Amino acid sequence: MSTNLLISVIGAISAIAVSLVAAFYASRNNIVLQTRKLKEDHYVSYIEALHGLMSENKNKESTAKYVFARDKLFIIASEEVVKKILLYESEAVGKSNDLHDRYLTDIVKSIRKDLKIKDKNFPLIWFKKA
């Protein structure tokens with residue numbers, strides 16, 4: 001085998017290897033981006049449903065929307081977010097405003113952390129009724 005042919009074969013193999021590695025990383029990055037978008041969508045749906053429930057907590061439709069959004073969220077949310085939601089539901093729902101607001105703030109902080117949004121001094125938050 002001549003030297004030129006050997007160099008050509010090695011070059012072709014190297015080009016194929018680089019293409020495969022690039023395709024792998026591009027695919028992986030695409031999956032990460034799609035997962036992040038799915039999380040964002042589910043988190044927004046959950047917050048919307050929670051807000052609806054806080055505005056009209058006697059309305060069965062609001063309760064059903066909340067439960068559906070919550071259950072969908074449990075599929076994609078981080079373990080920390082799931083724990084904060086369950087803690088909120090068991091400890092804060094129907095309790096004093098201060099306790100409710102603190103647990104709600106913890107949920108939002110954990111969602112922001114899961115979405116890789118950096119916070120230094122995130123304030124205490126609450127739902128405002130329209």
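The values are calculated or read from the model by the stated rules, or taken from the named source; none is laboratory data. Just so you know, these numbers come straight off a predicted model, no measurement behind them. Please note: Cβ atoms are built from the backbone with ideal geometry, for glycine as well, and neighbour counts cover all protein chains shown. Please note that ligands, DNA and RNA were not included when accessible areas were found on the heavy atoms of the full protein model with its side chains. Shrake-Rupley method; radii C 1.70, N 1.55, O 1.52, S 1.80 Å.
How many nm separate the modelled label positions at K118 and T63, each set 7 Å beyond the Cα in the direction of the Cβ?
In this crude spin-label approximation the distance works out to 4.4 nm.
Measure off, as a whole percent, the carbon and sulfur share of the 1.4 Å-probe accessible area of the chain, all protein chains present.
Details: 5700 of 9420 Å².
Its accessible area is 61 percent carbon and sulfur atoms.
For Y25 and E89, what does the FRET efficiency come to when R0 = 35 Å and r is the distance between their Cβ atoms, rounded to the nearest 0.05?
Values: r = 40 Å, r/R0 = 1.14.
Computed FRET efficiency for Y25 and E89 comes out at 0.30.
Counting helices only, and only those DSSP H runs with n ≥ 4, report the 222 nm mean residue ellipticity of the chain as the sum of -39,500 (n - 2.57) divided by its residues, in deg cm²/dmol to the nearest 500. List each step's numbers first, then the result.
Working: 4 runs with 101 residues, N = 130.
Dividing the helical sum by the residues of the chain leaves -27500 deg cm²/dmol.
Using alpha carbon centroids, what distance separates segment 81-102 and segment 1-52, in Å?
One Cα centre to the other: 39 Å.
Within 10 Å of each candidate Cβ there may be at most 13 other Cβ atoms; applying that plus a DSSP loop requirement, which trypsin sites (Lys or Arg not before Pro) in segment 28-58 survive? Could you put the intermediate results ahead of the total?
Working: sites: R28, R36, K37, K39, K58; in loops: K58.
Within segment 28-58, the qualifying trypsin sites (Lys or Arg not before Pro) (loop, at most 13 other Cβ atoms within 10 Å) are K58.
Between the helical axis of 3-55 and the dominant principal axis of the chain, each derived from Cα atoms, what acute angle in degrees is found, rounded to the nearest 10?
10 degrees
Helix 97-114: angle to the longest alpha-carbon principal axis of the chain, degrees 0 to 90, nearest 10?
It works out to around 10 degrees.
Report the Cα-based extents of segment 1-72 along its three principal axes, largest first, to the nearest Å.
Principal extents (largest minus smallest coordinate, Cα): 83, 13, 9 Å.
Taking the Cα-to-Cβ direction at E56 and at V9 and moving 7 Å from each Cα, how far apart do the two end points lie in nm?
Output for this residue pair reads 7.4 nm.
Pick out, in residue order, every one of the chymotrypsin sites (Phe, Trp or Tyr not before Pro) in segment 38-130 that is DSSP loop and has at most 16 other C-beta atoms within 10 Å; say none if there are none.
On the way: sites: Y43, Y46, Y66, F68, F74, Y88, Y103, W126, F127; in loops: W126, F127.
Loop-located and lightly packed - W126, F127.
Filter K37/K60; K60/K118; K60/K128; K58/K113; K65/K120; K39/K65 down to the pairs with a C-alpha to C-alpha distance above 26 Å, please.
Working: K37/K60 29 Å; K60/K118 36 Å; K60/K128 21 Å; K58/K113 32 Å; K65/K120 32 Å; K39/K65 17 Å.
Pairs exceeding the cut-off: K37/K60; K60/K118; K58/K113; K65/K120.
If Rh is defined by the Kirkwood formula over all Cα pairs and Rg also comes from Cα, what ratio Rg/Rh do you get for the chain?
On the way: Rg = 23.7 Å, Rh = 17.8 Å.
Using Cα coordinates only, the ratio equals 1.33.
Pull out a ≥ b ≥ c, the square roots of the eigenvalues of the alpha-carbon gyration tensor of segment 54-130, then state rounded if a/c is under 1.5, prolate if not and a/b is larger than b/c, and oblate in the remaining case.
Because a/c hits 1.5 or more and a/b fails to exceed b/c, segment 54-130 counts as oblate.
If you average the sequence gap of Cα pairs under 8 Å that are 6 or more apart and divide by the length of the chain, what percent do you get for the contact order?
20 percent
I'd like the Kirkwood hydrodynamic radius of segment 5-46, using the inverse of the mean 1/r over distinct C-alpha pairs, in Å.
Numbers: mean 1/r = 0.0792 Å⁻¹.
It works out to 12.6 Å.
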